[in-house]
1. Quick one: how many residues across the range 505-538 are of a type in the set (D, E, K, R), closer than 11 Å to ARG72 by Cα and out of contact with any strand residue (DSSP E or B) (no Cβ under 9 Å at 6 or more places or on another chain)?
2. Any residue that is assigned to a loop (DSSP other than H, G, I, E, B), more than 15 Å from the ligand (Cβ to nearest atom), in contact (Cβ under 8 Å) with a residue 12 or more places away in the chain and not charged (D, E, K, R) - is there at least one of those in the range 562-575?
3. So GLU550 clears everything in (1) part of a helix (DSSP H, G or I); (2) of a type outside the set (A, V, I, L, M, F, W, C); (3) assigned by the TED database to the domain that holds ASP145; (4) within 16 Å of the ligand (Cβ to nearest atom) except one condition, right? Which one?
4. Being at pLDDT 95 or above and part of a loop (DSSP other than H, G, I, E, B): is that true of GLY476 here?
5. Condition first: in contact with a helix residue (DSSP H, G or I) (Cβ under 8 Å, 6 or more places away or on another chain) and part of a loop (DSSP other than H, G, I, E, B). Now tell me which residues in the range 179-198 satisfy that.
6. May I ask you to list the residues in the range 390-431 that are over 13 Å from VAL364 (Cβ atoms), within 16 Å of the ligand (Cβ to nearest atom) and touching a residue at least 60 places away in the same chain (Cβ under 8 Å)?
7. The conditions are (1) within 16 Å of the ligand (Cβ to nearest atom); (2) under 25 Å from GLY284 (Cβ atoms), and ASN499 fails exactly one of them. Which is it?
8. Answer yes if at least one residue in the range 68-86 is in contact (Cβ under 8 Å) with a residue 40 or more places away in the chain, closer than 17 Å to ALA268 by Cα and crowded, with 16+ Cβ neighbours inside 10 Å, and no otherwise.
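The values are calculated or read from the model by the stated rules, or taken from the named source; none is laboratory data. Everything numeric in this text was worked out from a predicted model, so none of it was measured. FYI the Cβ positions are ideal-geometry reconstructions off the backbone, even for glycines, and counts take in every protein chain you see.
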Amino acid sequence: MSERTDQLVSQRGEMFYPPAAFAQKAHVSSMEQYRQMYRRSIEDPEGFWAEAAEGFFWSQKWSDVRRFNFKRSQGPIDVQWFAGGKTNVCYNCLDRHLATRADQPALIWEGNEPGEDQVLTYAQLHEQVCRFANVLRGLGVKKGDRVTIYLPMIVELAIAMLACARIGAIHSVVFGGFSAESLKDRIIDSQCRLLITSDGAFRGAKAVTLKLIADDALDSAAGEGWRVDKVVVARRVGEGKGVDCPMTAGRDLWWHELMEAAAPVCEAEWMDAEDPLFILYTSGSTGKPKGVLHTTGGYMVYTALTHRYVFDYHDGDVYWCTADIGWVTGHSYILYGPLLNGARSLMFEGVPTYPDSGRFWEVVDKWGVNIFYTAPTAIRAIMRMGDELVQKSDRGSLRLLGTVGEPINPEAWRWYNEVVGEGRCPIVDTWWQTETGGILITPLPGCTPTKPGSATLPFFGVEPALMDDEGKETSGNGVSGRLVIKAPWPGQLRTTYGNHERFETVYFSDFDGYYFTGDGARRDEDGYYWITGRVDDVINVSGHRMGTAEVESALVSHPAVAEAAVVGFPHEIKGQGIYAYVTLRLGHDYSDELARELIEHVRNQIGPIAAPDQIHWAPALPKTRSGKIMRRILRKMAAGETSFGDTSTLADPTVIGTLVEMKSK
Ligand code: WTA
């Protein structure tokens, strides 16, 4: 084999094979090795995971690798990994590396403005985290207390999370794009007494406030009887950018002042393996977002192992995941997984389009990024701007590409492979969820032949299955169904915060003995999984989950709205867009102005990611005789289809004609 082809991804039939040179150096370099490791992980999970866990520091070893009940019919759902063990995730992310890599970069921070950056070595990050952990302790935060973090992508975010982990406080990070209302709900649900925020944030060319939003959230929380005692405010924007940052005496404290006064040494709290590590809110099909709870030992082992194998991480690699830490991808694969492996993890404050759409590749060249992990929506947005912005960069450092968040369309996959990776870099299309803690279905880049659009095969220890309409497991290949997982894996959620009943109902009641993902999937003739998308009322907008019920209740909270029904529709860049059918109260006019006002209203209620792309006036909604909205019809109409299937069960079939007419207006 010549040197060149040795370095290239090759294609045979519909399969793409990793470059031979890549495979040779990979942790898993043949399918035979994958199959053998996979078999062991399923046949002897306890042995497999104990071995994985041994790489970490435990102040006390576990007594049981795994205990669980996955069957609701046999009692409460309960999953425990490494029970009896004691450890600390922050200690394993930082202290454990100090002997060998104190002066190596841990976080490489790239600011919103090109040229603004900061590198924190393991020693420096360790010191900052210890100081902030002391700050938290000084403010009365104890093991088990919840701390809400509402910050942009600045190093203080990583420091605050690790400091919580160090002292055993449970962090609840709220994405900086969420509204005051959303922040308030999360503060109240998690019953937290301390909030960490910043004066503001830079987003592309703009500076926006965070503190005023946080103040609003705290005021309305107080109105509902929940008081937050202390607010720590990091200074990011400063004065002169039009971002106000009023400080409430006795409650609000500046981050930098507290840090100056804090001691740089802080003992880690030894946590039980099943003590909570964090809460992260995510949307479901009904009700308000739920607080997905992850615990210590299993999450630690799982994120580290997946990061190592899926990204074929080797010592010294520069690794970049472009997500925001406010989502699970950032928790597991910017912060915890990479730092647990002693990696150099790049944290990007900005947006892919500022100063122009070539920013990703400039950053790749600037830092010599080897492993790059992003979302299909970002790929599609950049792809649309043309190849030149990519081609003017070198990208010679790139070795591996990854995607996450939604199904990637084969066209974007091919562009990613050919233009971004120049046919040199395997692509890992990783399927997972906030609830799963880490990646569950994915290629391993040194061995798995890939097919554009398929997440391929399960990771070690993961047993997927597809359930048919009768609720039975399908067997063999070439089948479709609802995607479930048959047995526990260390990174999975343990409960939804404060409501175990909801956890059991949402994930374990559809199929007794199985974790139900909410996704549909197909297993092709080769046993490869193709995720077809959510089968529940969750929309995936730019890789972010949004519950239709949440958007509906935001719409209905507007005084002009009588009723709303929200569905997803295919969107070229976002994957899915938000399509809202709205019925107004008597006395209000169906006008473009009101449509704009409603979009703005949802934006203020939840955040910009929830803003409907389309308002469709609906003087009446298609309902069955029992009053149930027929979403199937609404989805078809939103997608631009003109035949709506069987409409005979509608209470009033003429509703359809009126709706079609309103659309064409
Ligand atoms: C979808 C993000 C297809 C899926 C880590 C899942 C995907 C939801 C993929 C979870 C993928 C995520 N291919 N679909 N590679 N990755 N999804 O909780 O519908 O924000 O249920 O976690 O995103 O979204 P979440």
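1. First pass over the range 505-538, keeping only residues of a type in the set (D, E, K, R): 510, 512, 519, 522-526, 534, 536-537.
Keeping just the survivors that are closer than 11 Å to ARG72 by Cα gives 510, 512.
After this cut, where a residue has to be out of contact with any strand residue (DSSP E or B) (no Cβ under 9 Å at 6 or more places or on another chain) as well, the list is 512.
Residues that pass the stated criteria total 1.
2. The first filter runs over the range 562-575 and keeps only residues assigned to a loop (DSSP other than H, G, I, E, B), leaving 572-574.
Checking which are more than 15 Å from the ligand (Cβ to nearest atom) leaves us with 572-573.
If we keep only those that are in contact (Cβ under 8 Å) with a residue 12 or more places away in the chain as well, we get 572-573.
Filter again for not charged (D, E, K, R), leaving 573.
Looking for residues that are assigned to a loop (DSSP other than H, G, I, E, B), more than 15 Å from the ligand (Cβ to nearest atom), in contact (Cβ under 8 Å) with a residue 12 or more places away in the chain and not charged (D, E, K, R), one finds at least one in the range 562-575, hence yes.
3. Condition (3) is where GLU550 drops out.
4. yes
5. SER179 - this is the single residue of the range 179-198 that is in contact with a helix residue (DSSP H, G or I) (Cβ under 8 Å, 6 or more places away or on another chain) and part of a loop (DSSP other than H, G, I, E, B).
6. Correct list: GLY402, VAL404, GLY405, GLU406, PRO407, ASN417, PRO426, ILE427, VAL428, THR430, TRP431.
7. (1)
8. yes
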